[in-house]
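The structure appears below as structure tokens.
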Amino acid sequence: MPRNQDEQHSNLSTGSSLEAEGKRAIRDARAAGASTARRLRSQELWRDESGRSLEDYPRPSVAVDVAVLTVPDPLDLELRYSSSSQETESEGGLHVLLVLSEIRSSNQPLSKPSWSLPGTFLHDGETLIQATNRALLTKAGIKGLHPRQLKVFDELRRDPRGRVLSVGHFELVNWEKIRQAVLFNPDIRLRSVRSVAEKRTRVRIDHREIVSQAAERVQADYRSVPDPYRLLAEPFTLRDLESLHRRIDPDGTPAKDTFRRRMMNYLVDTESTSSGSIGKPARLFENNPSRTGRNRPT
């Protein structure tokens, strides 16, 4: 029997503590048992027709690489690269964001840096879109984008580090969304898609192919409807719309009259005109949601 109230209180506290520890131990044991059971089911209970489990198959690494495309302001490019003639990017069309590559081939001189798309390896318990967002944030300081899957790139020797599958992603964004990152981060470069395709810009492994396919997908979208990625603020003039399409897809945008006839099927006349421009005020238009949809292509 407890000799006083303090001893009785101490015994009660000890009992409560032991009971709590016992409950935690039971929970931990159950969790460990469940984890072990899952592992046993996947490794020992499941076998294919040849008798092999998942552990018997090779596991290539999975990575994501993201082609962030944009149409920059030419004045910003002059400001960014004016200090070095070698860095000047005079072409005003579709551009891609590149970051300083962490991988260097054995025969590549240190004086010639290599560039790559923002990318990373897929972590355990992570989805592909989470990996792409992490890559953009850690490699380029960019967040708030919504990249879409392009395709899987699985060439056997695509990565010098070993067997790596890359799930390519892409996004076409308004220049203002990435302007700060490009202008003030020395480890980021903006290069025209054409310069990458023509190998005037050095990029590693098969990132040139990822860039080319991403650009082709975007250009195909712009041949169907007016500004499907909504880069232009509404309302806009037909001249502004045509200028944007020609910068993104110079080879696939038809002549002026044909382009305007094709686009008018998807536009709504606001019955207002632009102001502050030289010459005759231009009519202003908006996208017709019933024809083009409210969101970007899927």
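How big is the Kirkwood radius of segment 223-292, worked out from every pair of different alpha carbons and given in Å to one decimal?
Values: mean 1/r = 0.0802 Å⁻¹.
Mean inverse Cα-Cα distance, inverted, gives 12.5 Å.
Plugging the Kirkwood radius over Cα pairs into Stokes-Einstein for segment 213-258, at a temperature of 37 °C and a viscosity of 0.692 mPa s, what D comes out in µm²/s? Could you put the intermediate results ahead of the total?
On the way: Rh = 10.9 Å.
D = 302 µm²/s.
Taking K and R as +1 and D and E as -1, what net charge do the other residues with C-beta under 13 Å from the C-beta of THR270 add up to?
Values: positive: ARG283; negative: GLU234, ASP269, GLU271, GLU286.
Here the charged neighbours net out to -3.
Pull out the extension gain between THR270 and GLU198, defined as 0.36 nm times the separation in residues minus the alpha carbon to alpha carbon distance; nm, one decimal.
Working: separation 72, 0.36 × 72 = 25.92 nm, distance 4.20 nm.
Residue separation times 0.36 nm, minus the Cα-Cα distance, leaves 21.7 nm.
Can you compute the charge dipole magnitude of segment 61-220 about its Cα centre, using +1 on each Lys and Arg Cβ and -1 on each Asp and Glu Cβ, nothing else charged? Give it in debye, rounded to the nearest 20. Spell out each step's value before the answer.
Details: 23 positive and 20 negative charges, 69 e Å.
Once rounded to the nearest 20, the dipole reads 340 debye.
When the chain is fully extended, how far beyond the present Cα-Cα distance does ASP73 get from LEU165, taking 0.36 nm per residue of separation? The partial results should precede the final answer.
Numbers: separation 92, 0.36 × 92 = 33.12 nm, distance 3.46 nm.
Here the answer is 29.7 nm.
Taking 0.36 nm per residue of sequence separation and subtracting the Cα-Cα distance, how much length would be gained by fully extending the chain between ARG261 and ARG47, in nm to one decimal?
70.9 nm
Taking a threshold of 27 Å on the Cα-Cα distance, which of the pairs LYS139/LYS177; LYS256/LYS280; LYS177/LYS256; LYS143/LYS256; LYS139/LYS199 fall above it? Show your work: numbers first, answer last.
Working: LYS139/LYS177 16 Å; LYS256/LYS280 18 Å; LYS177/LYS256 30 Å; LYS143/LYS256 37 Å; LYS139/LYS199 23 Å.
Cα-Cα > 27 Å for LYS177/LYS256; LYS143/LYS256; rest within.
At 37 °C and a viscosity of 0.692 mPa s, what translational diffusion coefficient does Stokes-Einstein give for segment 149-258, taking Rh as the Kirkwood radius over Cα pairs? Give it in µm²/s as a whole number. Kindly include the intermediate steps, with their values, before the conclusion.
Working: Rh = 16.1 Å.
Reported coefficient: 203 µm²/s.
Just in segment 128-160: which trypsin sites (Lys or Arg not before Pro) are loop by DSSP and have at most 12 other Cβ atoms within 10 Å? Show your work: numbers first, answer last.
Details: sites: ARG134, LYS139, LYS143, ARG148, LYS151, ARG157, ARG158; in loops: LYS143, ARG157, ARG158.
Here the sparse-neighbourhood loop sites are LYS143, ARG157.
How charged is the neighbourhood of GLU209? Take every other residue with its Cβ under 11 Å from the Cβ of GLU209, and add Lys/Arg as +1 and Asp/Glu as -1. Write out the running numbers ahead of the final one.
Values: positive: LYS151, ARG158, ARG208; negative: ASP65, GLU155, ASP206, GLU216.
In short, -1.
Could you work out how far apart the two model spin labels at ASP154 and ASN174 are, taking each label as a point 7 Å from the Cα in the direction of the beta carbon, and quote it in nm?
Once both label points are built, they end up 3.9 nm from each other.
Given Cβ point charges of +1 (Lys, Arg) and -1 (Asp, Glu) and nothing else, what value in debye, to the nearest 20, does the dipole of segment 223-292 about its Cα centre take? List each step's numbers first, then the result.
Values: 12 positive and 10 negative charges, 40 e Å.
Once rounded to the nearest 20, the dipole reads 200 debye.
How much of the DSSP beta bridge set in segment 61-220 is antiparallel, as a percent to the nearest 5? Write out the running numbers ahead of the final one.
Numbers: 17 of 28 bridges.
Antiparallel bridges: around 60 percent, rounded to the nearest 5.
Taking the Cβ of ARG179 as the center, what net charge do the other residues with Cβ under 9 Å away carry, scoring Lys and Arg +1 and Asp and Glu -1? Walk me through the numbers on the way to the answer.
Numbers: positive: LYS177; negative: ASP73, ASP76, GLU176.
Local net charge: -2.
Laboratory data are not the source of any read-out in this text; all were calculated from the coordinates shown. What you see is a predicted model; the values in this text were computed from it and never measured. So basically every Cβ, Gly included, is an ideal-geometry build from the backbone, and we count neighbours across all protein chains shown.
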